[in-house]
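This report refers to the structure that appears directly beneath it.
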Amino acid sequence: MEKTKMPRRSEAKLRDSIIPNSDTPALILRLDTNIFHHGTLGVIRSLGRAGVEVHAVLEGEHTPASSSRYLHRMYPRRPDMRDPQALLTSLRQIAESIGCSPILIPVDDAGALFVAEHAEALVHHFVLPAQEGTLPRRVADKATLAEICRELNIPHPDTCEVHSSRDVEAAIRRLGLPLVAKWSRPWLPTPGRTTLVHTPDEAMALFESAAGVGSLLLQRCVPPGRTVDWFFHGYFDASSSCLFGAAGRKERAYPPEAGLTTLGTWRSNPRIESMSRALARELRYSGILDLDFRYDRAADNYCLLDFNPRLGAQFRLFTDRNDVDLVRVLYLDLTRQPVPNPRPYYDRLFLVENYDPLSAAQQVWRRKLGLLEWHRSVRRVDEFAWFAVDDLRPFFKMLSRWLRQGSRKLVARFRDFRLRLTGTSRPSGPTSASQPGVPPERSPTR
């Protein structure tokens, strides 16, 4: 059955219907060094198209999002901004240069935690949601999230925090193999991604690599599969009432079955929607959140895997039939304008162009996806993360940087292969991931 496409409307009409008063500027804050974070561009376009003056703290002009026609001004992120006090000073200076108090929108974990924990100092210069300062860190930490789920009786995979080799052995005996290994604090640099562990030796090696980067968690593996991975995005006002909330299904992810959404669909799922609203209400949460779930067929329930106290990168999937999305709801609520009732656009598809071919290629190789099926899914996409007819430069800049990074990785792997053949070790020196504009080897922010 063919979907009904949303009607095209002029920019002037969009401004009148979405955000009647767009006088308050917005400042996007991203502390993650991944220049391919498509959620940043999504915020710029969402508010910029509605007539809002959008500013952003980014790495520099090599960042694809910096070339968007909807970005009013970019502020390069300096190395000293890694220090909290220096970052506070920089943000105050940016607010003063803008000339009024803008809405501050963090788009990654580190930024969201910083804003929540320094709200008392920032509120004099920015418009912020009324959040309890320590709550975002509690829910973002995967170890404390497991405790919260036990207290509130929220389905969550059995999780063991390991501090010694004996803990690793005990976790394997208790949970069995395979296990999911993850780091409790995803906003810190980690030695790897969330990993599926098949043997005790793999678990021990990961434990040894985790020294100094936060606790390693070993978690019961909820069986992966097609149609079992879901997510919920919502915006909650100061009284924890959900002004906008929607559930989506991961059709494809990168890495497959464990990473960020590369193809997502807006679906009706009353169980996830009800559970998410109840959780936010119990925690007295306000602001934007992004929750990840996996359906456990054996227990017939949806297990909460992650609680991200910030905007999800694929938030533009949930653009309703009035062209309202989470960022626009946040803007309307914080500027005290009426928020329209959502008009869901079920079966809407959102695709991330630079990651989805990688996910599809792996699934085709494993014979879990056919080339014709992948082609049909791409043709049905309603919105792309990077490509937009009215804003082409970020797409071509992303493509150029992406191909450049890919070629460097191929060259590095070819050199490693040659060194292994000749039996010589690779000379020490900076890796490609430490070069300007190249994101570190870590999972992209969802």
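Only the coordinates and a few stated rules stand behind these numbers; no lab work does. The shown structure was predicted, so the numbers you read here are calculated from the model rather than taken from an experiment. Here the Cβ positions follow ideal geometry from the backbone for every residue, glycine too, while neighbour counts run over all protein chains shown.
Once you keep just the Cα pairs under 8 angstrom separated by 6 or more residues, what percentage relative contact order results for the chain? Write out the running numbers ahead of the final one.
Details: 794 pairs, mean separation 75.6, N = 446.
After rounding, I find 17 percent.
Cut-off is 10 Å between beta-carbons; in what order do Thr227, Thr40, Thr63, Thr33 appear when sorted fewest neighbours first?
Thr227, Thr33, Thr63, Thr40
Report the local net charge at Leu152: Lys and Arg +1, Asp and Glu -1, summed over other residues whose C-beta lies under 14 Å from its C-beta. Walk me through the numbers before you get to the answer.
Values: positive: Arg138, Arg150, Arg277, Arg281, Arg284; negative: Glu147, Glu151, Glu282.
Net charge in that neighbourhood comes out at +2.
Dipole of the chain, Cα-centred, from +1 at each Lys and Arg C-beta and -1 at each Asp and Glu C-beta, to the nearest 20 debye? Please report the intermediate quantities before stating the final value.
Values: 63 positive and 51 negative charges, 313 e Å.
Value, rounded to 20: 1500 debye.
Within 15 Å, Cβ to Cβ, of Asp201, how many net charges do the neighbouring residues add up to if Lys/Arg are +1 and Asp/Glu are -1?
Details: positive: none; negative: Glu169, Glu202, Glu208.
After counting each charged neighbour, the total is -3.
So, counting K/R as plus one and D/E as minus one, what does the shell of residues with Cβ under 13 Å around Ala170 add up to?
Values: positive: Arg166, Arg173, Arg174; negative: Asp158, Glu161, Asp167, Glu169.
Here the count lands on -1.
Kindly put Leu399, Leu371, Leu87 in sequence by how many other C-beta atoms sit within 10 Å of each C-beta, fewest to most.
Fewest-to-most Cβ neighbours within 10 Å comes out as Leu371, Leu399, Leu87.
What shape does the chain take by its C-alpha gyration tensor, where a ≥ b ≥ c are the square roots of the eigenvalues and a/c under 1.5 counts as rounded, a/b above b/c as prolate, and the rest as oblate? Please report the intermediate quantities before stating the final value.
Values: a/c = 1.33, a/b = 1.26, b/c = 1.06.
Cα axes put the chain in the rounded bin.
Show that you can apply the helix-only estimate: for the chain, add -39,500 (n - 2.57) for every DSSP H stretch of four or more residues, divide by all residues, and state [θ] at 222 nm to the nearest 500.
Roughly -11000 deg cm²/dmol at 222 nm, from the helical runs in the chain.
So how do His118, His125, His38, His375 line up by other beta-carbon neighbours within 10 Å, fewest first?
Ranking His118, His125, His38, His375 by Cβ neighbours within 10 Å, fewest first, gives His375, His118, His125, His38.
Of Val389, Tyr346, His375, which is farthest on the positive side of the dipole of segment 343-405, counting Cα position, with +1 on Lys and Arg Cβ, -1 on Asp and Glu Cβ, and the Cα centre as origin?
Of the listed residues, the answer is His375.
Say R0 is 30 Å: what FRET efficiency, to the nearest 0.05, do Arg415 and Val364 get from their beta-carbon distance?
E between Arg415 and Val364, to the nearest 0.05, is 0.60.
With the crude spin-label approximation of a point 7 Å out along Cα→Cβ, what separation in nm comes out for Arg284 versus Ser164?
It is 3.9 nm.
For segment 158-220, what relative contact order do you get, as a whole percent, if you take Cα pairs closer than 8 Å and at least 6 residues apart?
Reported relative contact order: 50 percent.
Report the number of Lys pairs in the chain whose alpha-carbons are under 19 Å apart, with separation of 8 or more residues or on distinct chains.
Step by step, the pairs that qualify in the chain add up to 5.
Given a Förster radius of 41 Å and the C-beta distance between Thr227 and His72 as r, what FRET efficiency does 1/(1 + (r/R0)^6) yield to the nearest 0.05? Could you put the intermediate results ahead of the total?
Working: r = 41 Å, r/R0 = 1.00.
After rounding, the FRET efficiency stands at 0.50.
Quote to one decimal, in nm, the extra length available between Thr422 and Arg380 on full extension: 0.36 nm per residue of separation minus the C-alpha distance between them.
In short, 10.3 nm is gained.
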